[in-house]
Each structure stands twice: as structure tokens, then as C-alpha cells.
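Enquirer: Just passing along the structure, written as C-alpha cells.
Read the figures in this text as sums done on the coordinates, not as results from a lab. Every value quoted in this text rests on a predicted model; they were computed, and no experiment measured them.
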């Protein structure tokens, strides 16, 4: 290569060019992957919303037919017969932007395991005196099946050390430490609140909503594609600088090493005067 572009054959520029050639497709791939993750979450959200609407119209099915809980069974109507036992409060739960708590009662089934049933929501601080007592005797409940909660995810508090009679998450792993019998790793929210309480709406399965993680994927997409533009911009900027230096060197305005020749001549003249 002749002329001012000979610098492109130097080892330094070979390294720069190899970096650019590898970085651009890598950034495009990562940006496309993050965009795909965002689109998957949008699709899951739409699917979950449609599923919830259709599930509300379906006939309730026995609990055993819907276990284990997954994305296909969350929100399905189920019916269970048993006797209410221990009652717990689930604090820090919002409904219509109001702080309140769930009233959670364990339904002992004939199989021995207990099903957590959210009988309703009450506003304010959790207070056992305000929570209505569950019906006595054998009852049959009908409601929407929900997946076990994970502390710190989906708006569930990640705190530990709750007061007696309270729990932060509704899951078998949490409840087994609070009651002396086995618990289903699922729960049900009643279609109609019990004893004047408000019914708790059906929750979408984790990682299927347009939550913070979904918009993080969208933000990462923008960052990766922005980095592509940055790499290209910096390459052209470096190229332009090198071309200008090479042209100045050909015109004798700077030495090959980039130093100003006029400054060198002035330095020599000053040295001669001193000597």
C-alpha cells in the first residue's frame, strides 16, 4: 500500500483492525440475543394474560390433575376439599397501590398434605385480631392455582426473621418451618374473598411479565448496538488522525515520529546560540 495509508500495514494497525473486525459482529450478536430475550418475555406476558383470561372461564379441576405447577397450569381453576388448620399473615403485600397483608390459611386434605389458601387481603399493618377466623368443618374451596413464591423475586419480600404467625413468602420451603405437616409446593387464591376480605388477583408466573428484567434486556440491547457505533466511530477517528499525520510528514511539517520539524529546528538554533 502506497502513500499516506502505509500505516495500515503496521503491527499496531493490524491489531486495531482485528479488534474491530471481531468486536462488531460480537456486539451485534449480543445485542440481538438481548433483544430476543426481551421479545420472549413480551410473548410470555401475552401468553400468560391470555391463559389467565381463558382459565377463569374453565371448569375447576382437582388439584392433583394440575400438579406440579408450571407455566401451563398457573392460574387454572382448581377445587380442593379439606379442613382449615393453621392461619398465617403475609405482610407487605400491595393491592391497588395500598399496603396490606394476605390472610393465609392451611387447608388439610385427606391425603395428609396441606394446601396454602389465600382467603383474602386486608389493608394496613398485619394484625391477627383483624383476620377473620376460617370456617370450621369440612369445606370445599375453589380458586386459581399459583406457583410457589421465591423470596426477593416478583415483589416478594426477601426479609427473614418474621414475627410469629407471619411469613414473607408462600412456598413449601418456607411453610415447612412453621407448621408440623407436609405442605404442597403451590397455593390457591380464592375467586371471592372470604368473610368480607378482598380477593387476591391471580399472579403471572415468574419471568413472564414485563418486569424490571424485561426492560433490562431492552436496555442491554441498546448498549450493545451503541457500542457497535462507538467502535466504528473510534476507528474512523484514529484513521483520520493517522492520515493527517502521514500527510503532514510527507509535506515535511512533522517528522516521521510525529514531532514538529519546526520545533526541532528552533531547538537546534537555540543550542547553537548557547554554544
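Enquirer: For Cα pairs less than 8 Å apart in space and 6+ apart in sequence, what is the mean separation divided by the residue count of the range 71-218, i.e. the relative contact order in percent?
Expert: On the way: 310 pairs, mean separation 41.0, N = 148.
For the range 71-218, the relative contact order is 28 percent.
Enquirer: Averaging the inverse of every distinct alpha carbon separation and then flipping it gives the Kirkwood radius. What is it for the range 59-201, in angstrom units?
Expert: 15.1
Enquirer: Between residue 179 and residue 223, what is 0.36 nm times their sequence separation minus the Cα-Cα distance? Round to one decimal in nm.
Expert: My answer for the length gained is 11.0 nm.
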